[in-house]
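Trainee: Supplied in structure tokens, the structure appears directly below.
The values are calculated or read from the model by the stated rules, or taken from the named source; none is laboratory data. Remember, it's a predicted structure, so these values are computed and weren't measured experimentally. Here Cβ is always computed from backbone atoms with ideal geometry, including for glycine, and neighbour counts include all displayed protein chains.
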Amino acid sequence: MKSPLQIGLFGFGTVGQGLYDVLRRTPGLQSEIKRICVKDHTKQRPIDASAFTYSASDIIEDPDVDVVVELIDDADAAYEIVRASMKYGKAVVTANKRMVSTRLPELLELQRQTGCPLLYEASTCGSIPIIRNLEEYYDNDLLSGITGIVNGTTNFILTHLTRRGADGGYESALREAAARGFAESDPTLDVEAYDAAFKTVILTAHAFGAIIDVNSVVRRGITAIAPFDVRVAASMGSVVKLLSRVVIRDGGVSAVAIPTFVPEGNALASISHEVNGVRLDAAFSEAQLMVGKGAGGGPTASAVLSDISALRYGYRYEYRKLKGSEVPTLNNHVDVVAYVRGARSIIEAIPWKQRRIDVRSTDGDYIIGTVELSSLRESTAFDDAETFVALVLED
């Protein structure tokens with residue numbers, strides 16, 4: 001691509017402003033933002049009004065714009081921006097994990113039809129270059145599993161609960177996360193594990209070549225957690241983490257985004273606050289762990305900048321595993337070990353294959369046992385807002 005690279009930017013929130021400042025202060029990057037498209041005509045912004053437009057076509061149809069960077073919240077609007085930009089022959093960088101995970105088949109077809117690259121490193125795990133590594137380093141390695149803390153907000157909350165015990169309930173932890181800028185005013189996407197489920201879909205595609213529907217990810221949030229659950233985990237030598245996990249079993253992949261008891265000896269147990277960590281288990285390279293900041297504008301902006309830089313050298317995803325001859329299918333009919341705390345009648349109704357621990361106490365009733373993952377998802381306990389459900393990691 002030509003120098004300097006001309007960028008059309010959609011969205012000027014925290015990440016967009018960070019990207020603008022870095023590019024302006026670093027001429028060696030040989031990239032500059034030509035125009036910024038925003039929606040709100042009345043909002044005061046820290047740069048001159050001449051830099052902005054309110055019409056998407058001013059960027060998409062501008063022949064001088066080489067790369068479109070999409071950083072807006074609305075997944076449907078983001079898709080339309082991406083689709084139109086690629087049809088006009090422009091490379092695109094996006095951070096919208098919801099759009100990528102729910103529109104992946106269409107986005108793959110757009111890349112095939114237009115020949116334009118679409119990069120989205122910033123959609124998953126903040127500053128950790130996980131997609132690039134899966135595409136380049138692990139493209140020929142036989143992965144057996146990928147397990148990660150992929151949401152900084154929930155990891156911050158769970159760290160707060162673990163370290164403060166009974167003095168730090170869920171609501172207190174959530175308020176502190178919001179005060180530090182890690183949680184949105186409506187944190188539902190984070191705390192109910194939707195964000196982690198979106199990222200699970202993206203990781204599954206690049207790690208195993210399987211395109212799965214986001215609704216097929218077994219998803220459970222952390223809103224029902226209580227200090228009691230943290231103490232139970234501690235008594236077992238574990239800590240509670242919200243894990244995204246995709247594992248090859250019997251030729252298929254099981255996919256979850258769910259609270260998990262992680263043994264203290266596991267490297268993921270020590271990853272705290274807004275930090276993310278992803279463990280890759282492979283046949284040749286064995287286990288490797290990648291760690292980095294996962295929440296906040298800075299980590300996301302760094303991933304966007306990395307994608308822009310990669311485009312200068314003609315980089316694009318090759319999706320080699322999607323083109324493989326043995327692409328695994330989804331299989332959530334696998335046995336897992338689960339911890340379920342709640343009303344006796346609800347936890348008793350779960351179709352346990354084996355009960356390892358069954359506790360009745362004034363603080364709470366819980367069962368730890370073996371159950372089929374799909375059956376657990378279909379149980380009343382899984383949908384009950386007062387019941388806390390977690391898996392128990394044993395490997």
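The rows are residues; the columns are (1) of a type in the set (S, T, N, Q); (2) assigned by TED's automatic domain parsing to the domain that holds Phe156.
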{"position": "Ser302", "(1), (2)": "yes, no"}
{"position": "Lys321", "(1), (2)": "no, no"}
{"position": "Arg344", "(1), (2)": "no, yes"}
{"position": "Ile368", "(1), (2)": "no, yes"}
{"position": "Asp384", "(1), (2)": "no, yes"}
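Trainee: Report, by residue number, each residue of region 338-363 that is crowded, with 17+ Cβ neighbours inside 10 Å and out of contact with any Gly (no Cβ under 6 Å at 6 or more places or on another chain). Spell out the reasoning first.
Mentor: Here is the first cut: in region 338-363, the ones crowded, with 17+ Cβ neighbours inside 10 Å are 338-342, 346-347, 350, 352.
Scanning region 338-363 gives Ala338, Tyr339, Val340, Gly342, Ile346, Ile347, Ile350.
Trainee: Okay, moving on. Which of the residues that make up region 20-40 are assigned to a loop (DSSP other than H, G, I, E, B) and without any contact (Cβ under 8 Å) to a residue 40 or more places away in the chain? Walk me through how you get there before you give the answer.
Mentor: Pass one, region 20-40, residues assigned to a loop (DSSP other than H, G, I, E, B): 26, 30, 38-40.
Thr26, Val38, Lys39, Asp40, listed by residue number.
Trainee: Looking at region 165-174, which of its residues are in a helix (DSSP H, G or I) and either at pLDDT below 80 or surrounded by 13 or more Cβ atoms within 10 Å (Cβ to Cβ) (or both)?
Mentor: Once the filter is applied, which keeps residues that are in a helix (DSSP H, G or I) and either at pLDDT below 80 or surrounded by 13 or more Cβ atoms within 10 Å (Cβ to Cβ) (or both), region 165-174 yields Gly165, Ala166, Asp167, Tyr170, Ser172, Ala173, Leu174.
Trainee: Can you find a residue that is surrounded by fewer than 18 Cβ atoms within 10 Å (Cβ to Cβ) and among the β-branched types (Val, Ile, Thr) anywhere in region 230-241?
Mentor: no
Trainee: Another question, then. Quick one: what pairs do we get from region 41-63, first residue under 20 Å from Lys90 (Cα atoms), second loosely packed, with under 10 Cβ neighbours inside 10 Å, C-beta under 7 Å, 6+ apart or different chains?
Mentor: Tyr54/His41
Trainee: Filter region 266-297 for residues that are surrounded by fewer than 15 Cβ atoms within 10 Å (Cβ to Cβ) and in contact (Cβ under 8 Å) with a residue 12 or more places away in the chain; which is farthest from Ser144 (Cα to Cα)?
Mentor: Ala267
Trainee: Restricted to region 175-201, and to residues that are assigned to a loop (DSSP other than H, G, I, E, B) and under 21 Å from Val389 (Cβ atoms), which residue is modelled with the lowest pLDDT?
Mentor: Pro187
Trainee: Need the failing condition index for Leu311 against (1) farther than 26 Å from Ile72 by Cβ; (2) crowded, with 17+ Cβ neighbours inside 10 Å; (3) touching a strand residue (DSSP E or B) at 6+ places or on another chain (Cβ under 6 Å); (4) of a type in the set (A, V, I, L, M), just the number.
Mentor: Of (1) farther than 26 Å from Ile72 by Cβ; (2) crowded, with 17+ Cβ neighbours inside 10 Å; (3) touching a strand residue (DSSP E or B) at 6+ places or on another chain (Cβ under 6 Å); (4) of a type in the set (A, V, I, L, M), only one is false for Leu311: (1).
Trainee: Where in region 52-162 are there strands (runs of 3 or more DSSP E), lying wholly inside it, with at least 3 residues that are buried (at least 20 other Cβ atoms within 10 Å of the Cβ), outside the structural domain of Arg279 (by TED's automatic domain parsing) and out of contact with any Pro (no Cβ under 6 Å at 6 or more places or on another chain)?
Mentor: Here the list reads 67-70, 91-94.
Trainee: For region 176-213, enumerate the residues that are over 15 Å from the mean Cα position of the chain (by Cα) and either surrounded by fewer than 24 Cβ atoms within 10 Å (Cβ to Cβ) or farther than 20 Å from Asn331 by Cα (or both).
Mentor: So the first thing to find is which residues in region 176-213 are over 15 Å from the mean Cα position of the chain (by Cα), and the list is 176-181, 184-186, 208-211.
If the condition is that a residue be over 15 Å from the mean Cα position of the chain (by Cα) and either surrounded by fewer than 24 Cβ atoms within 10 Å (Cβ to Cβ) or farther than 20 Å from Asn331 by Cα (or both), then Glu176, Ala177, Ala178, Ala179, Arg180, Gly181, Glu184, Ser185, Asp186, Gly209, Ala210, Ile211 are the ones that fit.
Trainee: Here are the criteria: (1) touching a strand residue (DSSP E or B) at 6+ places or on another chain (Cβ under 7 Å); (2) surrounded by fewer than 19 Cβ atoms within 10 Å (Cβ to Cβ); (3) closer than 23 Å to Val217 by Cβ. Tell me which single one Thr380 does not satisfy.
Mentor: (1)
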